[in-house]
Each structure stands twice: as C-alpha cells, then as structure tokens.
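The values are calculated or read from the model by the stated rules, or taken from the named source; none is laboratory data. The shown structure was predicted, so the numbers you read here are calculated from the model rather than taken from an experiment. A quick note on method: Cβ atoms are made from the backbone with ideal geometry, for glycine too, and the neighbour counts reach across all protein chains shown. Keep in mind that these areas ignore ligands, DNA and RNA; they rest on the heavy atoms of the full protein, side chains included. Shrake-Rupley method; radii C 1.70, N 1.55, O 1.52, S 1.80 Å.
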Amino acid sequence: MQERVSEFNEAGVAVSASTYDSVEQNAEFKNSKELTYPLLSDQDAKTVKALGILNEQYEEGSRAYGVPHPGVILVDTDGKVVLKRAEERYSDRPSMDELLEDVKEFVAGDDSADDADTEEETSED
C-alpha cells in the first residue's frame, strides 16, 4: 500500500489501515516499514463487526479473532461508508490496481453527481 498511497491521495482519497494488533505493535510496524499513513488498532473488532467484514472462521478468544476480510472501505467526509469491497478469502484479495480503479471510478462518479447538482442549480436560477 505504501508504494501506492500517493496515487490514492491524487485521486482525492486519504489512506489509512486498520489491524487487530495493539497500538504498540502497530506503531512498531509503522515505524519499521516507514508508513506515511495512519495505522489504526481495532483490538476488540468493534469497527470490523460494525462494517460487517469480520472473518468469522476465528472464534472469540483465539489469537486471530478480529481479523477482517481483506479489502477496502471508502468513507466520505460525512463519515458514511460509500464503497465497501471485502473478500472472504485472503487469497482472493483484490490487487492494488483493482482497488485504485474502484476508488477512482467512485470518485469520478461522485464528481459527476456534484457537477449535475451544480448544473441543476444553475438552470433553476
């Protein structure tokens, strides 16, 4: 992801990642990999559950409990989930190219809706 973060930013999207690891583990990983985006901790899997992407093959109490299905969640500036793509199997994880294209398509579609709203407002005047 780090290698592609600038492309997501250029598309108008801020990148962050979330894991079930502790804040301390995430900080160590972030520093060791020189990540420039936030790495969030969801140890209780509250966010993963709320988003409906919890990998349920791991039972509560197991070391891997809280692992989400891999994918991408796009949240707008109002905090609304506007795109969710999560794959059941880790091996089916979408490529960064696919994710970037999905995001760009969504953003372009959102811009088109904004342009249509502006045109509609202008024609009403």
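Based on DSSP H segments of at least four residues, each scored -39500 (n - 2.57), the chain has a per-residue ellipticity at 222 nm of -13000 deg cm²/dmol. When peptides 36-44, 73-81 are ranked by their average number of other Cβ atoms within 10 Å per residue, the highest-first order is 36-44, 73-81.
With the cut-off at under 15 Å, measuring from each backbone N in the stretch 1-30 to a point 7 Å along the Cα-to-Cβ line of Val82 picks out 9-15. Looking only at the stretch 1-32, which residues have a backbone nitrogen under 16 Å from a spot 7 Å from the Cα of Tyr58 in the C-beta direction? What the label zone holds, given the 16 Å backbone N cut-off, is 18-26. Under 10 Å, Cα contacts only: if you run a Gaussian network model on the chain, which one of Glu87, Glu101, Glu24 comes out with the highest mean-square fluctuation? Residue with maximal mean-square fluctuation among Glu87, Glu101, Glu24: Glu24. Might you tell me the accessible area per residue for the chain, computed with a 1.4 Å probe and given in Å²? For the chain, the per-residue accessible area is 71 Å². Angle of helix 23-33 to the longest C-alpha principal axis of the chain, folded into 0 to 90 degrees and rounded to 10: 70°. Here the calculated FRET efficiency for Phe106 and Lys30, from their Cβ-Cβ distance with R0 = 30 Å, stands at 0.65, rounded to the nearest 0.05.
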